[in-house]
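Below is one structure, written out as structure tokens; comments come after it.
The values are calculated or read from the model by the stated rules, or taken from the named source; none is laboratory data. Since this is a predicted model, take the numbers as computed values, not measurements. Cβ coordinates were reconstructed from backbone atoms using ideal geometry, including for glycine residues, and neighbour counts include every protein chain displayed.
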Amino acid sequence: MIARARELDAADPLRAFRALFELPEGVIYLDGNSLGALPAATPARLEQVIRGEWGEGLIRSWNSADWIGAARRVGGKIAPLIGAQPHEVVAADSTSVNLFKLIAAALDMQREGQGARKVILSEPGNFPTDLYMIAGLERQGLAARRLADRDRLINALDGDVALLMLTHVHYKTGALHDMVELTKAAHAAGALVLWDLSHSCGALPVDLNAANADFAVGCGYKYLNGGPGAPAYAFVAERHHAALHQPLTGWFGHAAPFAFSDDYAPAEGIDRLQCGTSPILGLAALEVGVDLIAEIGVRRLYAKSQALSAFFLHCLGEWGLDIELASPIDGDARGSQLSFRHPEAYAICQALIARGVIGDFRDPDILRLGFAPAYLRFEDMAEAAGHLREVLHMDEWKRPEFRERATVT
Ligand SMILES: *Cc1c(COP(=O)(O)O)cnc(C)c1O
């Protein structure tokens, strides 16, 4: 397996990009779908922003270093990765907050339109924050949550549904929704659509405008490698810009923030999605990650991600390893991860981490391995599969220290 892996690495057109990331010795990092690795250029860029732009430039840097334009500039660089136009995307806030703004904006649009639609349709088992962000609006009487299993979503689209809100690639299983088909069905039923691209952007090609999507959000610290708590991004299709009213009406979304007027007036276009002052350090780190992913290119990344996960499964098969796959077996039906179901998934994950193979555990029984294609090698796949085999065959996971739960899993 290792020899075959080395051949595949030698032929890999992306092999040189691994050197552009800082990866610790002795670690096989299979959690880039939760926190992306550190781009080698990030520390120097942050040093420059901190010492030069902040330390020397001080308040002048809002203009001279274009801090004021950072949210739009970084959003504009994310846009081509998700099939959007640069003026349709802004980098701001967290994914959770962007979900809130866009769910509320969609409800507002539906009130303007045909009357009483207030159902937000999603699927059970969607990422928790996506479901929780409906609750606050529900409490205020503005929204009503409806959940339907993925094979029933289209049936659940009736005349009460204001918004269909789904995560494109499921965080637990990696299963991919058909964005084109679901968007079309939602529109036919008079609903708007909001896609969460947290596990898609940077790992596979997304084409929001080809799918005619209305809204999207996504995370900056996963495949975009923006660092812990990096700003997220939000997309609004150009056709909705004029009618978009989001409830977090802060001064950075004002038409003229530095007019210091007493009255709110929304900015033109996507800028009205901003709320408060941009986190400049976070945006600077995110920009480095986005530039790198854009340079490698999402099509090449997706091709490699599929080859990596197929090779990982091949290794398991060659070694006769029998562990239940929770992800779709068909590479075209999943994102850049493989999830396995096992009652002792937590302890198995801890035993792997002790061996330097970092994946993660998702309650109650999922071992999740993410294959960030920008910096992983086929050799990592062969080695990680070998470690998994040993952990299972030697019952290593039964050791008591692997069964104690930490706060973050
Ligand atoms: C990671 C992730 C989030 C993260 O939201 P935060 O507000 O950054 O904590 C949201 N949705 C999905 C689907 C995710 O995978």
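The table below gives the values:
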{"quantity": "Of residues in the stretch 247-257 being more than 16 Å from the ligand (Cβ to nearest atom) and not small (Gly, Ala, Ser), the one farthest from residue 111 (Cα to Cα)", "calculated": "257"}
{"quantity": "Condition met for residue 282 (of a type outside the set (Phe, Trp, Tyr) and either in a loop (DSSP other than H, G, I, E, B) or assigned by TED's automatic domain parsing to the domain that holds residue 336 (or both))", "calculated": "no"}
{"quantity": "Residue in the stretch 6-24 that is out of contact with any Cys (no Cβ under 6 Å at 6 or more places or on another chain), in a helix (DSSP H, G or I), closer than 30 Å to residue 369 by Cα and in the same structural domain as residue 192 (by TED's automatic domain parsing) present", "calculated": "no"}
{"quantity": "Condition met for residue 63 (polar (S, T, N, Q), buried (at least 24 other Cβ atoms within 10 Å of the Cβ) and under 24 Å from residue 276 (Cβ atoms))", "calculated": "no"}
{"quantity": "Residue satisfying all of: in the stretch 321-335; acidic (Asp, Glu) and at pLDDT 95 or above; nearest to residue 172 (Cα to Cα) among these", "calculated": "324"}
{"quantity": "Qualifying position, being aliphatic (A, V, I, L, M), in contact (Cβ under 8 Å) with a residue 40 or more places away in the chain, part of a loop (DSSP other than H, G, I, E, B) and crowded, with 16+ Cβ neighbours inside 10 Å, among 194, 157, 208, 166", "calculated": "208"}
{"quantity": "Residue count, the stretch 349-368 (criterion: in a loop (DSSP other than H, G, I, E, B) and under 19 Å from residue 171 (Cβ atoms))", "calculated": "4"}
{"quantity": "Meets criteria (surrounded by 23 or more Cβ atoms within 10 Å (Cβ to Cβ), within 16 Å of the ligand (Cβ to nearest atom) and in contact (Cβ under 8 Å) with a residue 40 or more places away in the chain) for residue 175", "calculated": "no"}
{"quantity": "Of all residues making up the stretch 83-124, the number that are within 16 Å of the ligand (Cβ to nearest atom), hydrophobic (A, V, I, L, M, F, W, C) and more than 16 Å from residue 160 (Cα to Cα)", "calculated": "7"}
{"quantity": "Filtered residues of the stretch 211-223 (kept if in a loop (DSSP other than H, G, I, E, B) and more than 11 Å from the ligand (Cβ to nearest atom))", "calculated": "211, 212, 213, 214"}
{"quantity": "Residue within the stretch 140-159 that is β-branched (Val, Ile, Thr), more than 17 Å from residue 240 (Cβ to Cβ), within 16 Å of the ligand (Cβ to nearest atom) and outside the structural domain of residue 331 (by TED's automatic domain parsing) present", "calculated": "no"}
{"quantity": "Criterion (surrounded by 24 or more Cβ atoms within 10 Å (Cβ to Cβ), under 18 Å from residue 107 (Cβ atoms), modelled with pLDDT of 95 or more and small (Gly, Ala, Ser)) met by exactly one of 285, 242, 230, 234", "calculated": "234"}
{"quantity": "Listing of helices (runs of 4 or more DSSP H) fully contained in the stretch 31-132 that carry 3 or more residues being modelled with pLDDT of 95 or more, over 19 Å from residue 231 (Cα atoms) and assigned by TED's automatic domain parsing to the domain that holds residue 223", "calculated": "61-64, 95-112"}
